[in-house]
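First comes the structure, then the notes that go with it.
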Amino acid sequence: MVSLVFIAIMVLVAVFAYPICPDDSTDANTSIVELAAQKPGFSCLLLKKEKMKAQNISAFSYLLNGKPANIEYIPIRNYKLTKDSIHVNHMLDENITEPLSFSLAQISLNEKINEKNAVEKLIIQRTFWLGTDRSGRDVLSRLILGTRISLAVGFIAVILSIFIGVMLGAISGYFGGWPDQFISWLINVIWAIPTLLLVFAITFALGKGFWQIFIAVGLTMWVGTARLIRGQVMALKEMEYIQAAQTMGFSSFRIITRHILPNVMGPTLVMAASNFATAILIEAGLSFLGIGVQPPVSSWGLMIKEHYNFIITNRPMLAIIPGLAIMLNVLAFNLLGNALRDALDVKGKI
């Protein structure tokens with residue numbers, strides 16, 4: 001139940017990622033180079049400088065893609081207001097600043113700013129709860145958006161693998177003969193190829209990208225499901241109620257879909273949970289190797305790739321935090337799979 005609650009929270013985080021993110025720009029890609037590789041809990045003042053006119057976007061578009069990055073954030077030590085200008089000490093480093101001055105009309109393009117509301121509209125206090133990466137982006141926001149990639153890859157990969165595996169396993173186990181021989185040969189061939197190498201081959205054939213990685217992972221994980229379903233169907237087709245259905249002249253399609261597959265849903269659900277965890281690991285590995293999702297899209301594996309060399313410096317959390325996220329999600333799905341196996345094991349309860 002703890003794993004199920006954790007997964008439900010992750011799903012909600014993935015769906016409502018942009019409203020939750022401190023940086024709700026597209027892909028949380030707002031870079032503040034002066035604040036690169038800051039420790040968790042770092043806080044500073046930021047001056048908002050608008051780069052372009054704001055665009056009107058729908059609520060659905062915002063939920064899906066976030067806001068266009070039309071604001072430049074300038075880290076400052078302090079500020080001073082005059083009638084129509086703002087003077088700040090721009091923070092270049094921990095101990096280095098430079099004076100800058102902006103007119104209020106120059107820094108705000110979307111609404112009129114005056115001396116009374118300038119501080120409220122232009123100056124914000126930002127706390128980076130998990131620090132910033134080497135490009136000065138908010139790690140917490142990138143981590144939240146990475147949840148989308150991992151869960152989306154897992155979901156689509158499970159749908160593909162379960163659909164292909166159940167279909168081929170049911171055909172092989174029910175009909176036997178040459179369909180069984182061919183599908184069993186195909187299973188053995190693909191089973192003999194290491195999963196990661198097979199994913200590499202499919203990825204190189206389809207190209208690098210967001211959707212390609214989903215398909216590549218899904219097309220390599222159906223083998224275990226097919227073997228399991230084949231064995232279950234071979235046992236079930238000898239049962240008396242299946243023989244009775246055949247005697248009554250029911251079609252093979254009806255017998256498989258209405259009488260056999262509902263009875264193998266238990267093992268299928270357990271396999272789906274296991275495949276979900278495996279898909280998250282494979283996606284992280286591919287992104288770490290640079291052939292998964294591509295920047296600036298946020299992925300946990302990509303975050304580790306960009307910061308793994310920080311482990312031996314004074315900023316190890318940049319690589320440890322996404323690693324912990326991967327570990328907790330894989331653990332949750334594995335524990336859920338074990339719980340489903342125990343709950344759906346009717347024979348074990350007798």
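So the values come out like this:
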{"read-out": "Residues of the range 226-242 satisfying the condition of being farther than 16 Å from Leu168 by Cβ and of a type outside the set (A, V, I, L, M)", "value": "Glu238, Glu240, Tyr241"}
{"read-out": "Matching residues, the range 28-48, being surrounded by fewer than 18 Cβ atoms within 10 Å (Cβ to Cβ) and either within 18 Å of Ala325 (Cβ to Cβ) or free of Cβ contacts under 8 Å to residues at least 60 places away in the same chain (or both)", "value": "Pro40"}
{"read-out": "Subset of the range 309-324 [farther than 15 Å from Leu140 by Cα, without any contact (Cβ under 8 Å) to a residue 12 or more places away in the chain and part of a helix (DSSP H, G or I)]", "value": "Asn309, Ile311, Ile312"}
{"read-out": "Residue in the range 251-273 that is in contact with a Pro (Cβ under 8 Å, 6 or more places away or on another chain) and over 23 Å from Val199 (Cα atoms) present", "value": "no"}
{"read-out": "Hits in the range 285-311 (condition: in contact with a Pro (Cβ under 8 Å, 6 or more places away or on another chain), among the hydrophobic types (A, V, I, L, M, F, W, C) and buried (at least 20 other Cβ atoms within 10 Å of the Cβ))", "value": "Trp300, Leu302, Met303, Ile304"}
{"read-out": "Elements of type helices (runs of 4 or more DSSP H) in the range 185-301, at least 2 residues being among the charged types (D, E, K, R)", "value": "222-236"}
{"read-out": "Among residues of the range 18-45, those that are part of a loop (DSSP other than H, G, I, E, B), touching a strand residue (DSSP E or B) at 6+ places or on another chain (Cβ under 6 Å) and of a type outside the set (A, V, I, L, M, F, W, C), counted", "value": "4"}
{"read-out": "Residue in the range 52-59 that is outside any loop (DSSP other than H, G, I, E, B) and either over 29 Å from the mean Cα position of the chain (by Cα) or farther than 21 Å from Leu140 by Cβ (or both) present", "value": "yes"}
{"read-out": "Ala245 vs. criteria within 16 Å of Gly173 (Cβ to Cβ), in the same structural domain as Val330 (by TED's automatic domain parsing) and of a type in the set (A, V, I, L, M)", "value": "yes"}
{"read-out": "Selection status of Ser141, touching a Pro at 6+ places or on another chain (Cβ under 7 Å) and touching a residue at least 60 places away in the same chain (Cβ under 8 Å)", "value": "yes"}
{"read-out": "Ile171, sole failed condition from (1) assigned by TED's automatic domain parsing to the domain that holds Ala284; (2) out of contact with any Pro (no Cβ under 8 Å at 6 or more places or on another chain)", "value": "(2)"}
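The values are calculated or read from the model by the stated rules, or taken from the named source; none is laboratory data. Quick caveat, the model's predicted, so the values are computed rather than measured. Cβ sites come from the backbone with ideal geometry, for glycine too, and all protein chains shown count toward neighbours.
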